[in-house]
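To keep things clear, I will list the structure first and then write my remarks on it.
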Amino acid sequence: MEFNQSALNTNKIETEKNAKEVWKECLSIIKDNVPYITYNTWFLPIKPFELENNTLKIFVPNNFFIEWIEEHYNTLINRTVNQVLGAEGKLVYIVYEENYPFEESTAPAKEEKQKPVVLEKKKNEFESFLNPRYTFENFIKGEGNQLARAAALAIADNPGQTSFNPLFIYGGVGLGKTHLMHAIGNKILEKDSSKKVIYLSSDAFTVEFVEAIQSDRVNEFSAFYKSMDTLIIDDIQFLVGKEKTLDLFFQIFNTLHQSGKQIVLSSDKPPKELKGLNERLISRFSWGLTADIQPPDFETRVAILKNKSESFGLELSNEIYEYIAHNITSNIRELEGCLIKILATSSLSSKEIDFALVKKIVKEVSTNKQVSISIDYITKVVCDYFKVDENKVREKNRKKEIVLARQIAMYLSKILTKSSLKTIGLHFGGRDHSTVIHAFNTMEQMLEKDSNVKEIIENLKNKIEMSVV
Ligand code: ADP
Ligand code: MG
């Protein structure tokens, strides 16, 4: 059978239109049946995808949306779909974080801001792993990020052609490093979709490399990365101590740099403070531009809050923005976390957002809490407790108290994070997953036999869990 591309395209447009109409009808019913803020927060960000027979497929921003909607509005949704599509009507959710169907960067919340769903696959035959929601447009400029942002913009306009190669961005957690890196990649592809741009975390790079070694595909792995036009690697502090990975990274770096290809790196510290990193790499990292990101000042925090709530289709009073910005100062992820919590709480109780509610939530969020538990944070808490150096638990150190701290940290990482054994092993100096299993089993046995250890672990676990928003 002959494949008729244009006929296929026309069909697609037809179904898209239908899906849109159907969803629009659903929305108009939903709108009349839920509080305004609920409608804005939970229903507007949903986008119709396609209509297949009587099944309407819709895109939602994440799994949390699905859970929330099903828990609170299952009946309404089902009733609405049946009303619009008939008794056979069904709804299927698709998470768009993983499917990136939008041209636009953020989940568009306002009707007039919506752009059509773009379903065509990128021209690139490989996955760039770029999140389209992180763009320059929604990256708020402030004193703390001025240099990094300006450099990022410059290289996005002329990748490989400025003296900012590599661009090395460093700064604390939640200050916008990852956002900027994605923005660079997105902008490069926006201008020229044939460019080979790839974003990956250091962990992903290491895991892939280890797999390449195991399957005897190191050459292929290295050739792949050497063929990129722009290579973006996040959080390279996690490569420290992984000698083989660093060696190969060094080669890839040289090849790309010599052929005028752009490299973008990030870390929590400047290159020279990455202890354990080879001198030759440190000096290469300093070839281009090293730009730091500092915590945002008050005005920037307010601007970020305004921008973010606008993207939810919501406006709060200046008083509220300023109150949040005064009380949450350390990182932007926390600011966002606070805002989302305010939105979620108020839409759950269908209450207007008032000052008392904001105060209550800010209080919960502001005490230096983090959004999710990381292996690094667990390691820090455990090492603080045992008063041992964090680096020691990552190195090959067999001292009794170090081994115990390491095993407890591995055990807690296993039960408190969703990380795989492999990832946990990697965070502890590139240890094998069987070492993590061993640590886990050892701790389970100790927990049964030794009430002291049990108490220590309980305390540590509480401490770590309490840190989460
Ligand atoms: P990092 O990689 O430095 O830990 P991220 O890039 O993950 O931080 O940023 C954390 C969150 O804060 C992200 O959701 C990001 O979009 C947001 N964010 C950070 N900086 C800004 C900014 N200047 N403007 C708007 N949002 C920002
Ligand atoms: Mg990051």
**Study point:** Hits in region 188-205 (condition: within 18 Å of the chain's Cα centre (by Cα) and either without any contact (Cβ under 8 Å) to a residue 12 or more places away in the chain or assigned to a helix (DSSP H, G or I) (or both))
**Key:** Ser202, Asp203, Ala204, Phe205
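Pull up region 129-150, narrow it to residues that are assigned to a helix (DSSP H, G or I) and within 16 Å of ligand 2 (Cβ to nearest atom), then point me to the one that is farthest from the chain's Cα centre (by Cα).
Quick first cut of region 129-150, residues assigned to a helix (DSSP H, G or I) only: 143-150.
If we keep only those that are within 16 Å of ligand 2 (Cβ to nearest atom) as well, we get 144-145, 148-149.
Values: Gly144: 21, Asn145: 19, Ala148: 19, Arg149: 19 Å.
Going through the qualifying residues, I end up with Gly144.
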Check your understanding: among the acidic types (Asp, Glu) and buried (at least 18 other Cβ atoms within 10 Å of the Cβ) - does that describe any residue in region 173-193?
Key -> no
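Whether any residue in region 427-442 is assigned to a helix (DSSP H, G or I), open to solvent by 40 Å² or more (accessible area, probe 1.4 Å) and touching a His at 6+ places or on another chain (Cβ under 7 Å) is what I want to check.
Residues of region 427-442 that are assigned to a helix (DSSP H, G or I), as a first pass: 427, 433-442.
Now drop any that are not open to solvent by 40 Å² or more (accessible area, probe 1.4 Å), which leaves 433-435, 437-438, 440-441.
From what's left, touching a His at 6+ places or on another chain (Cβ under 7 Å): none.
No, the conditions are met nowhere in region 427-442.
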Point to revise | Checking Ser202 against (1) away from ligand 2 (no atom under 16 Å from the Cβ); (2) over 16 Å from Asn138 (Cα atoms); (3) open to solvent by less than 10 Å² (accessible area, probe 1.4 Å), the condition it does not meet | key: (1)
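Only one of Leu265, Leu289, Leu248 is touching a Leu at 6+ places or on another chain (Cβ under 6 Å), in the same structural domain as Ile233 (by TED's automatic domain parsing) and modelled with pLDDT of 90 or more; which? Break it down into steps so the answer makes sense when it comes.
Working: Leu265 fails: touching a Leu at 6+ places or on another chain (Cβ under 6 Å); Leu248 fails: touching a Leu at 6+ places or on another chain (Cβ under 6 Å).
Selected residue: Leu289, the only one of Leu265, Leu289, Leu248 that is touching a Leu at 6+ places or on another chain (Cβ under 6 Å), in the same structural domain as Ile233 (by TED's automatic domain parsing) and modelled with pLDDT of 90 or more.
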Review point. Taking only pairs six or more apart or across chains, which ones have beta-carbon atoms under 9 Å, a first residue in region 226-245 that is under 14 Å from Lys275 (Cβ atoms) and within 16 Å of ligand 1 (Cβ to nearest atom), and a second residue that is assigned to a loop (DSSP other than H, G, I, E, B) and of a type in the set (D, E, K, R)?
Key: Gln237/Asp268; Gln237/Lys269
Review point. Residues of region 346-367 being open to solvent by 40 Å² or more (accessible area, probe 1.4 Å) and in a loop (DSSP other than H, G, I, E, B), which ones?
Key: Ser349, Ser350, Lys351, Glu352, Asp354, Thr367
Check your understanding: Looking at Leu335, Leu343, which is the one that is in a helix (DSSP H, G or I), of a type in the set (A, V, I, L, M) and closer than 30 Å to Asp268 by Cα?
Key -> Leu335
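Okay, residues lined up against (1) of a type outside the set (Gly, Ala, Ser); (2) out of contact with any helix residue (DSSP H, G or I) (no Cβ under 6 Å at 6 or more places or on another chain):
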{"site": "Ala156", "(1), (2)": "no, no"}
{"site": "Ser163", "(1), (2)": "no, yes"}
{"site": "Leu167", "(1), (2)": "yes, no"}
{"site": "Gly172", "(1), (2)": "no, yes"}
{"site": "Leu180", "(1), (2)": "yes, no"}
{"site": "Ile188", "(1), (2)": "yes, no"}
{"site": "Lys191", "(1), (2)": "yes, yes"}
Check your understanding: If you go through region 154-176 one residue at a time, do you hit one that is within 13 Å of ligand 1 (Cβ to nearest atom), part of a loop (DSSP other than H, G, I, E, B) and farther than 29 Å from Thr329 by Cβ?
Key -> no
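The values are calculated or read from the model by the stated rules, or taken from the named source; none is laboratory data. Source: prediction; values computed, not measured. Every residue, glycine among them, receives a Cβ derived from its backbone with ideal geometry; neighbour counts consider all protein chains shown. Heads up: the accessible areas ignore ligands, DNA and RNA and are worked out on the full protein's heavy atoms, side chains in. Shrake-Rupley method; radii C 1.70, N 1.55, O 1.52, S 1.80 Å.
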